[in-house]
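Written below as structure tokens is the structure these notes are about.
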There are 2 protein chains.
Amino acid sequence: MEKSEEQSSPERPQREGDYPPEVADFVERLAADLTEAGFPRMPARVFSCLLASDTGSLSSADLGERLLISPAAVSGAVRYLSQVHLIARERQPGSRRERYRVHTDVWYEAMTNRDAVLNRWIHTFSSGVEAVGPESPAGRRIAESVEFLTFMRNEMAALMERWRTTRRES
Amino acid sequence: MEKSEEQSSPERPQREGDYPPEVADFVERLAADLTEAGFPRMPARVFSCLLASDTGSLSSADLGERLLISPAAVSGAVRYLSQVHLIARERQPGSRRERYRVHTDVWYEAMTNRDAVLNRWIHTFSSGVEAVGPESPAGRRIAESVEFLTFMRNEMAALMERWRTTRRES
DNA sequence: CCATAACTTCACAAAGTTGTGAAACAAGCG
DNA sequence: CGCTTGTTTCACAACTTTGTGAAGTTATGG
């Protein structure tokens, strides 16, 4: 019966104005940015919406209401987001209502994911060096890419470590 | 009249085996990886194909032959790639044949591009802090994202610098 | 155990992308 | 100049993606 985040006026309009329009605007702007970067649309909107919520966690119904989308769309989006580890799904024991939470440190998870991509790329590029021949000009060019990607992977790990410590001491 | 990269048997089969099948395989594997990361298909294939070529530069006809795609598809792909600065188009004076070349340091260009994306994100997130209120929990969460993205942008710049110097001295 | 609430799955319609052939365009070259 | 070769543009068809309503599944709670 109660709404999840703030329990105020029981009969609220079904419009996106359910939460302040400035916030809705931000959510859509951010979702647009993410979409442009290759993120699927609905996951982007759901993610942005969670990020902009005070508790950092909303129920399926909340999301549907705020974004004006069907339960099916919410379902699809949260499945995607939890697969790429950007949200956690949690179920309070003794309730069948699920809640979706943005990870404590969103960016750590995103970077972890990027690491996996880097590794696959390194693997593919390495096989390419063999394919074109290590001594050919193409071979050398591709080998350099392998070096760059490896450099990147290592440095990114160090970078994240650095971020975590600066974060901790502030 | 002559084929651009290596001038061998004049009547070659029109199949992708025009260049060694191992190379073709690598090109398709890499293109698949890039596609999975959100890169449009044809640009991914063209880019991979250029990367795997000895001269690092091919004509429109070469690309069409190797990838078995129409001139229109090549045209679209190279337009995309040059817009995101991943290839350069060059025209040898006194010829109407254009050649497309992977940039000397492919990754530098790609990272430069990523920088622009980071900047837009930082801007959007910053506007979000205002939208939800800087003192709210959501505001603090989003502000932390701004900090992280800013950290990233700066560190990435330093990282690229470091890569370039290690590269130079090897 | 049945009723019901919450979420998921599925088939489909709408919308968007992608690559093609054909026509238009540009620019060297005879 | 006009022919010829290489590139681009355009309309369209094939294919893919996206979000929905409705039926299905699971599990709580009477």
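Can you give the Rg to Rh ratio for the protein assembly as shown, taking only C-alpha atoms and Rh from Kirkwood?
1.06
May I ask for the equivalent-ellipsoid semi-axes of chain A, computed as the square root of five times each C-alpha gyration tensor eigenvalue and listed largest first in whole Å?
41, 18, 15
Order A:VAL117, A:VAL23, most accessible first, counting only protein heavy atoms with a 1.4 angstrom probe.
Largest to smallest exposure gives the sequence A:VAL117, A:VAL23.
Tell me whether the range A:50-95 comes out rounded, prolate or oblate; compute the Cα gyration tensor, take square roots of the eigenvalues as a ≥ b ≥ c, and use a/c under 1.5 as the rounded threshold.
It comes out rounded by the Cα gyration axes.
Modelled label-to-label distance, B:ALA143 and B:ARG89, 7 Å Cα→beta-carbon offset: nm?
4.8
Leaving out ligands, DNA and RNA but keeping every protein chain, what accessible area does B:ARG141 have, in Å² rounded to the nearest 10, with a 1.4 Å probe?
Result for B:ARG141: roughly 50 Å² accessible.
As an exercise, identify the GluC sites (Glu not before Pro) in the range B:28-81 lying in DSSP coil whose Cβ has no more than 13 other Cβ atoms within 10 Å.
none
Using +1 on the beta carbon of Lys and Arg, -1 on that of Asp and Glu, and nothing else charged, what's the dipole of chain B about the Cα centre, debye to 20?
Its charge dipole is roughly 440 debye.
For a quick protection proxy, order the peptides B:40-47, B:163-170, B:69-76, B:121-128 by their average other-Cβ count within 10 Å, most packed first.
Going by the mean number of other Cβ atoms within 10 Å, highest first, we get B:40-47, B:121-128, B:69-76, B:163-170.
log10 I(q)/I(0), Debye, Cα-only the range A:106-168, no solvent, q = 0.23, 0.27 Å⁻¹?
-0.87, -1.04
Using a cut-off of 12 Å between beta-carbons, work out the net charge of the residues near B:ARG162 (Lys and Arg +1, Asp and Glu -1, B:ARG162 not included).
In short, -1.
Shape of the range A:16-102 from its Cα gyration tensor (a ≥ b ≥ c, root eigenvalues): rounded if a/c is under 1.5, otherwise prolate when a/b > b/c, or oblate?
Oblate, since a/c reaches 1.5 and b/c is not below a/b.
The values are calculated or read from the model by the stated rules, or taken from the named source; none is laboratory data. Predicted model only: the values in this text are computed from it and were never measured. Glycine also receives a Cβ, built like all others from the backbone with ideal geometry; neighbour counts cover every protein chain displayed. The area values use the complete protein model at the heavy-atom level, side chains included, leaving out ligands, DNA and RNA. Shrake-Rupley method; radii C 1.70, N 1.55, O 1.52, S 1.80 Å.
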